[in-house]
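Below is one structure, written out as structure tokens; the observations come after it.
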Amino acid sequence: MRKYTKYISFLACSFFINDIALHAQQKNDTTIDNQTIEITQTYKPEIAKPSKPVIIPSLPRVDTVKPRFQYEVPQQTLSYTYHSVPIRPLALGASKSPMPFQNYVKLGYGNLSSLYLDAGVGSVKTNDYELSAHFSHLSQKGNIENQQSSRTNLDAGGKYFTSGHAIGASVNFLRNGNTLYGYDHDLYEYQKNTIKQAFTGVNLTLSAENTQMNNSMNIWYKPNVSFGLYGDKFEAKERYFAFDIPAYMPIDDSSMIFSLGLKGNFTRFENSFIATNNNYLQVNPALDIITEKSNIHIGVSPTWGKNSTCYLLPDISLNTRIFKKGLALVAGWKGGLNQNTYQQLSQKNPFIYNDYNIQQTKTDQVYGGFESAFGEHISFGGTAAWHQYKHLALFVNDYVTEQDGKVFDVVYDNKVQAISIDAFIRYQVGNTFGVSGSASWYNFYKTTTFDKAYHEPAFKLTGNLYFHPLQQLHLNVNMDFWNGMYALNADGTNRTMPAFVDLSANAEYNIIPRLSAFVQLNNIFGSHYQRWNQYDSYGFNIIGGIRFKF
């Protein structure tokens with residue numbers, strides 16, 4: 001405004017001076033007549049209309065502080081701001097996904113008698129506490145006689161924030177049901193009630209953590225304890241008590257970090273024939289050395305397993321950056337101990353027979369690889385590794401307990417060695433477009449007890465495409481290709497299982513800000529492949545419905 005006032009004043013003065021000169025020339029007199037100049041300006045203030053804000057749903061805050069307790073090379077996956085909940089066939093197993101909205105209800109129905117319900121509440125929070133809950137259910141009935149399954153899960157939890165601490169509690173309930181339909185339907189006939197299986201579990205977890213430094217020793221800690229029950233329809237049950245007490249202390253202005261943890265899981269398994277304990281206890285001392293270009297993690301974990309067997313499990317890793325934003329090299333030696341609990345094994349293979357021999361699996365992995373990027377949108381990497389397993393748990397059809405082989409027994413190979421190559425690549429442009437792919441190849445070159453590592457795929461290829469062409473439209477496509485699996489026939493010979501491709505896609509369109517419609521396509525090619533021998537997967541499946549956000 002000052003700029004324009006100055007310009008007007010300049011014009012007025014110029015006009016006034018020119019007018020005086022003109023009158024002086026006309027009258028040839030030194031007397032100057034009085035002149036009056038009036039300048040009128042009209043100003044009407046206007047306020048620009050603000051643009052309507054675009055509200056992007058996001059998850060509630062989970063942790064105030066996320067300390068680093070130990071380094072593990074993560075699986076490279078592509079992460080988006082928005083996720084549509086995947087619905088996958090039982091043959092590929094359940095895949096967990098974070099809640100896509102703070103408050104929503106999603107209801108769908110489709111062929112194969114598919115009923116889908118997903119709901120979440122995550123906005124109950126104040127400065128002192130926060131609460132969240134998530135419920136999901138999917139039931140399906142296939143075209144094969146007695147082919148039926150359901151998965152139900154409920155998670156609820158919360159945190160209470162005090163001065164310098166966060167105290168949390170969570171509860172999880174699950175019920176997964178299916179029928180044992182993997183038999184020759186021309187030779188055998190069963191009533192559905194006799195081949196129904198249902199797994200039920202409940203878990204309660206209590207935790208605490210310091211959210212700010214409130215002690216002279218500069219120690220961060222995050223202990224948690226869990227209690228759980230798990231069982232099936234055929235009188236098998238498992239109860240457990242687990243705890244994890246990690247803590248770490250920065251040394252020398254955080255360039256060195258010393259961590260110490262205590263972890264344990266005490267499990268009791270019972271069925272109609274046996275009752276046995278399956279426990280482990282582990283101490284995790286480690287030292288992290290952090291420099292400008294490298295992170296070095298040095299640790300060893302004394303571990304006591306089943307029957308008080310003691311192991312020294314290595315935990316050594318190196319991550320060094322060759323260029324500031326380019327190439328990074330990773331390497332390490334990681335040991336582990338798998339309990340092979342009934343819950344772990346039955347969630348991997350729901351057709352397992354509950355009377356199995358319990359042994360723990362010791363694992364060793366020595367790996368090396370790299371991660372890099374081209375610009376801001378492309379990243380890629382790969383690792384090569386050597387693996388060794390002692391008492392590797394494998395699934396084979398049990399033709400002794402059931403002549404038709406519809407249930408699986410758990411067997412153990414005393415010593416298995418393998419080499420593997422993993423690679424990934426991803427391209428992402430913000431939240432508009434993204435494509436990623438990953439592949440893993442395993443060569444089980446040495447087995448001791450059996451000829452093959454049964455039902456363990458030698459090659460896996462995964463692809464994902466995400467596209468957001470419109471503000472209201474979200475598209476997602478997923479592809480899985482598996483090959484190189486073997487099964488054990490009733491006569492003791494090996495069977496090469498056919499390779500398979502599973503392609504799925506989903507789309508969601510926001511009709512109005514709080515209401516959207518979705519459609520999910522599963523097994524688009526309609527192939528009846530087998531993840532587990534004798535069990536054909538569901539064919540083509542389409543589910544459509546609505547999502548309401550509140």
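Values quoted throughout were computed directly from the atomic coordinates according to the rules given, and no laboratory measurement underlies them. All figures in this text were calculated on a predicted structure; none of them were measured in a lab. FYI the Cβ positions are ideal-geometry reconstructions off the backbone, even for glycines, and counts take in every protein chain you see.
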Would you order Asp364, Asp252 from fewest to most other beta-carbon atoms within 10 Å of each residue's own beta-carbon? Asp252, Asp364
By average C-beta atoms within 10 angstrom, highest first, the peptides 164-170, 369-375: 164-170, 369-375
Give the Rg (one decimal place) followed by the Dmax (whole number) of the stretch 90-549, computed from C-alpha coordinates and expressed in Å. 24.0, 74
Among 293-299, 192-198, 349-355, 454-460, how do they line up by average Cβ neighbours within 10 Å per residue, starting with the highest? 349-355, 454-460, 293-299, 192-198
The stretch 157-283: translational diffusion in µm²/s, Stokes-Einstein, Kirkwood Rh over Cα pairs, 4 °C, 1.567 mPa s: 71 µm²/s
Rg to Rh, two decimals, where the stretch 238-352 supplies the alpha carbon set and Rh follows Kirkwood: 1.12
Counting other beta carbons within 10 Å of each residue's own, what order do Ser504, Ser113, Ser150, Ser163 fall into, fewest first? Ser163, Ser113, Ser150, Ser504
Output the peptides 431-441, 388-398 sorted from most to least packed, where packing is the average of other Cβ atoms within 10 Å over each peptide's residues. 388-398, 431-441
Using a cut-off of 15 Å between alpha-carbon atoms, which aspartates and glutamates can reach Lys460, once sequence neighbours fewer than 8 places away in the same chain are excluded? Asp422, Asp480, Asp502
Going by amide H atoms built from the backbone, whose H comes under 5 Å of the H on Val124, apart from near neighbours? Leu131
What is the diffusion coefficient of the stretch 395-550 in µm²/s, taking the Kirkwood radius over Cα pairs and the Stokes-Einstein relation at 20 °C with a viscosity of 1.002 mPa s? 115 µm²/s
Which three extents, in angstrom, do the Cα atoms of the stretch 463-550 have along their principal axes, listed largest first? 61, 21, 21
Dipole of the stretch 298-412, positive direction: furthest Cα of Val407, Gln360, Gln343, with charges on the beta-carbon: Gln360
